[in-house]
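Peer 1: Before I ask anything, let me first share the structure, which is written out below as structure tokens.
The values are calculated or read from the model by the stated rules, or taken from the named source; none is laboratory data. Since the structure is predicted, the reported quantities are computational estimates derived from the model, not experimental observations. Methodologically, a virtual Cβ is constructed for each residue, glycine included, from the backbone with ideal geometry; neighbour enumeration extends over all protein chains shown. These accessible areas exclude ligands, DNA and RNA; they are computed on the full protein's heavy atoms, side chains included. Shrake-Rupley method; radii C 1.70, N 1.55, O 1.52, S 1.80 Å.
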Amino acid sequence: MENIIKDIDLIAPEEAQACDYKTTQDENTGKSKKLYIESYGCQMNFSDSEIVASIMKENGFDTTSDVEKADVIFLNTCSIREKAEQTVRNRLSHFNALKRQKPEMTIGVLGCMAERLKDKLLEEEKIVDVVVGPDAYRDLPNLVAAAEDGEKGINTFLSREETYADISPVRLNSNGVTAFISIMRGCDNMCSFCVVPFTRGRERSRDPHSIVKEAQELFAAGYREVTLLGQNVDSYKWSPEENNKARLNKKEDEVSTVVNFAHLLEMVAQVSPLLRVRFSTSHPKDITDEVLHTMKRYDNICKYIHLPVQSGNSRILELMNRTYDREWYLDRVRAIREILGEECGISSDMIAGFCTETEEEHRDTLSLMDIVQYDFSYMFFYSERPGTLAAKKFVDDIPLDVKKRRLAEIIEKQTALSLQRNKLDAGKVQEILIEGTSKRSEAQLKGRNSANKVVIIPAGKHKKGDYVRVKITDCSAATLFGEVVS
Ligand code: SAH
Ligand code: SF4
Ligand code: F3S
């Protein structure tokens, strides 16, 4: 499996290594104080850290990559699996020594763990000064100021309206070519294994005009690819009536009907044919043919869909409360192949060893993988999360060694499928967008094709942000290699 955090590709959390996170870069705009943020979890969280940096910048903070220079340290945390939370706990004890040397430093825990644990975090982790949930970031400057005066603070209020639509994110760790745009927040699905509805609150969609404006600004600043983010992008829905009435008067002429995800995709695709558009995550119950047809109409909408299945067995899917079954899922894959063809990339998330899963049901996941032929997957074993429906209703009864063995079988299957799918690209000519130099060598550039596969080419005279036509010459399970064609 590729290192999912260093190449943040999808809404796909930690897992690969014990210490996967992103930190802030050095920024020097003359502000008096320094902020260091470490971000864990999914793309939404990374995108949120950019909003946090923007709010803090307005209040006198430049970001730093050096934790020792920081006046404020934020950990933007993830609760999706137990291991994700444990990683953060370990980091907090690591910061203990630093705080002893520099007691005036403020330490904040943000994000999903803050929301899940609330004041328990202040009790359990003595070095923490502020605890702030995902919908309360506008309150950060106040809470940090109070902490500087020695007062601990917490705000885990979950909002039904907050989308941070008016905040222009500070692009952290940016390659200057690709950027995330959050289009919605929260999740109204109740997958029984999942903590996100509890940590992120109700689903709400962001004003489409602010999304298009952000895409236009990114394009004007030289960006060539945006990824529209949401836990379930296909249920994006914005109407002037349902949303902020105050904005209705201003926007009435512009948007009088409901904007769904297919419309939004089209609006963003029209910003420029040179701006690639991606999105994540699609829920199998909601992805429509209208979205697939919109993807087909625009060359700049990338032909790649992250469509997490979780399990290939209908009984387990029902226990997971995913609200689709194996047949429904396979029908959606058939629609993708019919409308967008064999070349459209499809990836998935898989959970091994969910409550009561039998060997036969596990094999249904393997057989579904064979049918779909995923390009890649993010694969996990089930980790019970307190408060979720599964934790309340079912027994986490699959022994850890069985979960791990099933996961290993899923990973082995995916590695073989990835190689098989990549081999199909050999000899083809594809357009890639250059994102920078390859990790291995300065003499090579790294780009991505429409299907979201990493393609390595000799550097030549190309630079990041260029679209280059390449012929695929070789591949591994994780990477394609190509040469430039004129
Ligand atoms: N909104 C996305 C998923 C977000 S969480 C969707 O519906 O597809 C990312 C992935 O983490 C999930 O797809 C799932 O595979 C995994 N995951 C979530 N909760 C988990 C748990 N309790 N144990 C193991 N994996 C989990
Ligand atoms: Fe979790 Fe399901 Fe919502 Fe995805 S759709 S965030 S898995 S509850
Ligand atoms: Fe994302 Fe983790 Fe929260 S996956 S939404 S940061 S629980």
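Peer 1: Evaluate the following for TYR324: is it under 22 Å from CYS112 (Cβ atoms) and either within 14 Å of ligand 2 (Cβ to nearest atom) or open to solvent by 20 Å² or more (accessible area, probe 1.4 Å) (or both)?
Peer 2: For TYR324, the condition - under 22 Å from CYS112 (Cβ atoms) and either within 14 Å of ligand 2 (Cβ to nearest atom) or open to solvent by 20 Å² or more (accessible area, probe 1.4 Å) (or both) - is not met.
Peer 1: Moving on. Just to be sure I understand, how many residues within the stretch 437-486 are under 22 Å from the mean Cα position of the chain (by Cα) and outside any loop (DSSP other than H, G, I, E, B)?
Peer 2: So the count comes out to 6.
Peer 1: While we're on this one: Among what's in the stretch 191-214 and is without any contact (Cβ under 8 Å) to a residue 40 or more places away in the chain and within 16 Å of ligand 2 (Cβ to nearest atom), pick the residue that is nearest to PHE380 (Cα to Cα).
Peer 2: PRO197
Peer 1: Now a separate question. If you check VAL277 against the conditions, is it part of a helix (DSSP H, G or I) and either open to solvent by less than 10 Å² (accessible area, probe 1.4 Å) or under 19 Å from LEU368 (Cα atoms) (or both)?
Peer 2: Considered against the rule, which asks whether it is part of a helix (DSSP H, G or I) and either open to solvent by less than 10 Å² (accessible area, probe 1.4 Å) or under 19 Å from LEU368 (Cα atoms) (or both), VAL277 comes out as no.
Peer 1: Is it true that GLU217 is open to solvent by 20 Å² or more (accessible area, probe 1.4 Å), at pLDDT 95 or above and within 16 Å of ligand 2 (Cβ to nearest atom)?
Peer 2: The answer is no for GLU217.
Peer 1: Restricting attention to the stretch 164-184, does a residue exist that is among the charged types (D, E, K, R), open to solvent by 30 Å² or more (accessible area, probe 1.4 Å) and at pLDDT below 95? Can you show your working first?
Peer 2: Residues of the stretch 164-184 among the charged types (D, E, K, R): 166, 171.
Next, only the ones that are open to solvent by 30 Å² or more (accessible area, probe 1.4 Å) stay: 166, 171.
Now restrict to residues that are at pLDDT below 95: 166, 171.
Yes, that holds for at least one residue.
Peer 1: Every residue in the stretch 455-467 that is crowded, with 20+ Cβ neighbours inside 10 Å and under 23 Å from PRO273 (Cβ atoms), please.
Peer 2: Passing the criteria: VAL455, ILE457.
Peer 1: Restricting to the stretch 419-436, count the residues that are assigned to a helix (DSSP H, G or I), basic (Lys, Arg) and either open to solvent by 20 Å² or more (accessible area, probe 1.4 Å) or in contact with a helix residue (DSSP H, G or I) (Cβ under 8 Å, 6 or more places away or on another chain) (or both).
Peer 2: Selection size over the stretch 419-436: 1.
Peer 1: Take ILE287 and tell me if it is β-branched (Val, Ile, Thr) and within 21 Å of the chain's Cα centre (by Cα).
Peer 2: Considered against the rule, which asks whether it is β-branched (Val, Ile, Thr) and within 21 Å of the chain's Cα centre (by Cα), ILE287 comes out as yes.
Peer 1: If I ask for residues that are open to solvent by 70 Å² or more (accessible area, probe 1.4 Å) and either in the same structural domain as SER377 (by TED's automatic domain parsing) or farther than 22 Å from THR415 by Cβ (or both), which ones from the stretch 468-486 would you list? Steps first, answer last, please.
Peer 2: We begin by selecting, within the stretch 468-486, every residue open to solvent by 70 Å² or more (accessible area, probe 1.4 Å); these are 469, 471, 473-474, 483, 486.
Answer for the stretch 468-486, where residues must be open to solvent by 70 Å² or more (accessible area, probe 1.4 Å) and either in the same structural domain as SER377 (by TED's automatic domain parsing) or farther than 22 Å from THR415 by Cβ (or both): ARG469, LYS471, GLU483, SER486.
One line per residue, one yes/no per condition, for (1) crowded, with 22+ Cβ neighbours inside 10 Å; (2) closer than 27 Å to GLU162 by Cβ:
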| residue | (1), (2) |
| --- | --- |
| PHE61 | yes, yes |
| GLU68 | no, no |
| ASP71 | no, yes |
| ILE80 | yes, yes |
| GLY108 | yes, yes |
| GLU115 | yes, yes |
| VAL128 | yes, yes |
| LEU140 | yes, yes |
| GLU148 | no, yes |
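Peer 1: Among the numbered criteria (1) free of Cβ contacts under 8 Å to residues at least 12 places away in the same chain; (2) in contact with a Leu (Cβ under 7 Å, 6 or more places away or on another chain), which single criterion is violated by GLU125?
Peer 2: Unmet for GLU125, out of (1) free of Cβ contacts under 8 Å to residues at least 12 places away in the same chain; (2) in contact with a Leu (Cβ under 7 Å, 6 or more places away or on another chain): (1).
Peer 1: Follow-up question, since we're still on this one. Tell me the strands (runs of 3 or more DSSP E) entirely within the stretch 152-245 that contain at least 3 residues that are under 17 Å from the mean Cα position of the chain (by Cα). Steps first, answer last, please.
Peer 2: Numbers: elements: 153-155, 178-182, 225-229.
Ranges flagged: 178-182, 225-229.
Peer 1: Got at least one residue in the stretch 48-58 being within 17 Å of GLN25 (Cβ to Cβ), within 16 Å of ligand 2 (Cβ to nearest atom) and outside the structural domain of PHE180 (by TED's automatic domain parsing)?
Peer 2: Among the residues of the stretch 48-58, at least one is within 17 Å of GLN25 (Cβ to Cβ), within 16 Å of ligand 2 (Cβ to nearest atom) and outside the structural domain of PHE180 (by TED's automatic domain parsing), which makes the answer yes.
Peer 1: Only one of ASP66, ASP71 is closer than 18 Å to ILE127 by Cα, assigned by TED's automatic domain parsing to the domain that holds ALA145 and more than 16 Å from ligand 2 (Cβ to nearest atom). Can you tell me which?
Peer 2: After applying the criteria, what remains is ASP71.
Peer 1: Okay, next question. State all residues of the stretch 22-59 that are polar (S, T, N, Q), in a loop (DSSP other than H, G, I, E, B) and surrounded by 23 or more Cβ atoms within 10 Å (Cβ to Cβ); if no residue qualifies, say none.
Peer 2: THR24
Peer 1: Right, another one. How many of the residues making up the stretch 405-418 are touching a residue at least 40 places away in the same chain (Cβ under 8 Å) and open to solvent by 60 Å² or more (accessible area, probe 1.4 Å)?
Peer 2: Going through the stretch 405-418 one residue at a time, the tally reaches 2.
Peer 1: On to the next question. Can you name the residue in the stretch 344-355 that is part of a loop (DSSP other than H, G, I, E, B) and in contact with a Lys or Arg (Cβ under 6 Å, 6 or more places away or on another chain) and is also surrounded by the fewest Cβ atoms within 10 Å (Cβ to Cβ) among such residues?
Peer 2: Restricting to residues being part of a loop (DSSP other than H, G, I, E, B) and in contact with a Lys or Arg (Cβ under 6 Å, 6 or more places away or on another chain), the top hit is CYS344.
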